[in-house]
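Inspection log for the structure reproduced underneath, given as structure tokens.
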Amino acid sequence: MSVSIKPGYALPAASERRRRLFDVGMSAPGALTTSVLVLFALGIVLFLGFRTNDGPLLGGGFTLSNFTAALSDPLYATVILRSLAIAGFVTLVTIVTAYPVAYYLAFHAGKHRGLLLFVVTLPFWTSYLLRVFAWKVVLAYNGVLNSALLTTGITSEPILAFLNTPAAVVVTLAHAYAAFAILPIYVALENVPRSLIEAAEDLGAHPAAIFRRIILPISMPGVMAAALVVFVPTVGDYVTPALVGGPNSTMIGSMIQAQFGKANDWPFGAALSVIVMLVILVVVLAARFADKHLGSRT
Amino acid sequence: MNAAGSTNGTWLKIYVIAYILFLYLPIAIIPLFSFNNSIQAAFPSERLHARMVPEPPRQ
């Protein structure tokens, strides 16, 4: 007996129902997490941003004054611009320094690749706060770096300029987010077709040309992913500027934290958070637009 | 696969070792710093102690 399946064959109603139930069951945890933990939390922040700070936890009435106050005060614009500049510089430094490591892992590591990946990611098993504090010990007036410079005779007295500077914030954040840059770039480099490189080599292309014309363009999606993963959390970071940054390194995260803490003005802090989220959204969309239209791919 | 050539590969290896040192050295300082008895983040520590090691309970 032969069985023929018609082109428009549909599953029986009971099987179809079971399949839909299975789909709903599989997507429910993710949907629940997204809606409760992300969208609800964002909704609360947005709601708080439009409330007045007159006693109750969720404010007393609706107002636009939080947004107008934040947008009209040049202090917040300065701090947001500084946060964007520091985060942009951290992203640049992190990616430029992480790219060669990812390149080595993808093309040169050979049988040691797994071990090297483990070695590169191992420092990130320690607490973020601990790593930032470690840099405080390194860069302090009597810290490791100054002690080493004094011992070797490079300087005759400790240098004040290491700690409490924007440079200290950049170095610390570049260290903190190194793995988040290495891994996406490594994955992108792993997907570079080796046959393309071999064909270019056979045709006599210089290694620099192979890198510029083949490897770099194909790895750009990984670079963009790494840039986003580093840039977005760095803009709002407040632990690192608080521990190793000085008065010139105050970032918007510290000001938001102050509103929710000492100032006890949650609606104003929420309005600042919403403004920062919108600014980050604009920057990310601009980066995506630039990546798409200004030719990251050849 | 060695698109960059063996000389560049050697330099790359040196760079990767330096980068791994950059990742590990600050963290390696923390266990060392736990022996510091000063209230300041001074290094090297002038006074070392082992206070974090709990004394055995007396019977």
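The values are calculated or read from the model by the stated rules, or taken from the named source; none is laboratory data. What you see is a predicted model, and the numbers here were worked out from it, not measured in a lab. Neighbour counts are summed over all protein chains in view; Cβ atoms, including those assigned to glycine, are modelled from backbone coordinates with ideal geometry.
Mind checking which residues of segment A:161-180 are over 20 Å from A:Leu105 (Cα atoms) and in a helix (DSSP H, G or I)?
Selection gives A:Pro166, A:Ala167, A:Ala168, A:Val169, A:Val170, A:Val171, A:Thr172, A:Leu173.
One residue stands out in segment B:5-26 among those that are at pLDDT 90 or above and β-branched (Val, Ile, Thr): the one that is farthest from A:Tyr104 (Cα to Cα), namely B:Ile20. Looking only at segment A:92-107, decide whether some residue is away from chain B (no Cβ under 14 Å) and on the phi < 0 side of the Ramachandran plot. Yes, segment A:92-107 contains at least one residue that is away from chain B (no Cβ under 14 Å) and on the phi < 0 side of the Ramachandran plot. Taking each residue of segment A:209-225 that is more than 15 Å from A:Tyr186 (Cα to Cα) and more than 14 Å from every other protein chain (Cβ to nearest Cβ) and looking for partners that are part of a helix (DSSP H, G or I) and at pLDDT below 90 with beta-carbon atoms closer than 6 Å, six or more apart or interchain, yields nothing.
The set of residues in segment A:233-249 that are surrounded by fewer than 22 Cβ atoms within 10 Å (Cβ to Cβ) and of a type outside the set (Phe, Trp, Tyr) comprises A:Pro233, A:Gly236, A:Val239, A:Ala242, A:Leu243, A:Gly246, A:Pro247, A:Asn248, A:Ser249. Filtering segment A:174-190 to residues that are out of contact with any Pro (no Cβ under 9 Å at 6 or more places or on another chain) and within 14 Å of another protein chain (Cβ to nearest Cβ) leaves A:Ala174, A:Ala176, A:Ala181, A:Ile182, A:Leu183, A:Ile185, A:Tyr186, A:Leu189, A:Glu190.
Residue-by-condition table, conditions (1) within 23 Å of the chain's Cα centre (by Cα); (2) of a type in the set (Val, Ile, Thr); (3) surrounded by fewer than 20 Cβ atoms within 10 Å (Cβ to Cβ); (4) not in a helix (DSSP H, G or I):
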| position | (1), (2), (3), (4) |
| --- | --- |
| A:Ala148 | no, no, yes, no |
| A:Ile182 | yes, yes, no, no |
| A:Ile185 | yes, yes, no, no |
| A:Gly204 | no, no, yes, yes |
| A:Ala208 | no, no, yes, no |
| A:Ile214 | no, yes, yes, no |
| A:Ile218 | yes, yes, yes, no |
| A:Leu228 | yes, no, yes, no |
| A:Phe231 | yes, no, no, no |
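With respect to the stated conditions, A:Val284 is part of a helix (DSSP H, G or I), free of Cβ contacts under 8 Å to residues at least 60 places away in the same chain and either buried (at least 16 other Cβ atoms within 10 Å of the Cβ) or touching a helix residue (DSSP H, G or I) at 6+ places or on another chain (Cβ under 7 Å) (or both).
Matching residues to (1) closer than 30 Å to A:Pro166 by Cα; (2) part of a helix (DSSP H, G or I); (3) not small (Gly, Ala, Ser):
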| residue | (1), (2), (3) |
| --- | --- |
| A:Val45 | yes, yes, yes |
| A:Gly55 | no, no, no |
| A:Gly60 | no, no, no |
| A:Asn66 | yes, yes, yes |
| A:Ala69 | yes, yes, no |
| A:Ala77 | yes, yes, no |
| A:Ile80 | yes, yes, yes |
| A:Ser83 | yes, yes, no |
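Scanning segment A:125-150 for residues that are of a type in the set (S, T, N, Q) and more than 9 Å from chain B (Cβ to nearest Cβ) turns up just one, A:Ser127.
Condition (residue is buried (at least 22 other Cβ atoms within 10 Å of the Cβ), within 22 Å of the chain's Cα centre (by Cα) and part of a helix (DSSP H, G or I)) applied to segment A:117-126: is it met by at least one residue? Outline the logic, then answer.
Filtering segment A:117-126 for residues buried (at least 22 other Cβ atoms within 10 Å of the Cβ) gives A:120.
Next cut, within 22 Å of the chain's Cα centre (by Cα) only: A:120.
Subset that is part of a helix (DSSP H, G or I): A:120.
Within segment A:117-126 (the criterion being buried (at least 22 other Cβ atoms within 10 Å of the Cβ), within 22 Å of the chain's Cα centre (by Cα) and part of a helix (DSSP H, G or I)), the answer is yes, since at least one residue qualifies.
Among the listed residues A:Leu196, A:Leu189, A:Leu173, A:Leu183, identify the single one that is farther than 27 Å from A:Val232 by Cβ and hydrophobic (A, V, I, L, M, F, W, C). So that I can check it myself, show each step before the final result.
On the way: A:Leu189 fails: farther than 27 Å from A:Val232 by Cβ; A:Leu173 fails: farther than 27 Å from A:Val232 by Cβ; A:Leu183 fails: farther than 27 Å from A:Val232 by Cβ.
Testing whether each residue is farther than 27 Å from A:Val232 by Cβ and hydrophobic (A, V, I, L, M, F, W, C) leaves just A:Leu196.
Inspection of segment A:164-177 identifies at least one residue that is of a type in the set (Ser, Thr, Tyr) and under 23 Å from A:Val223 (Cβ atoms).
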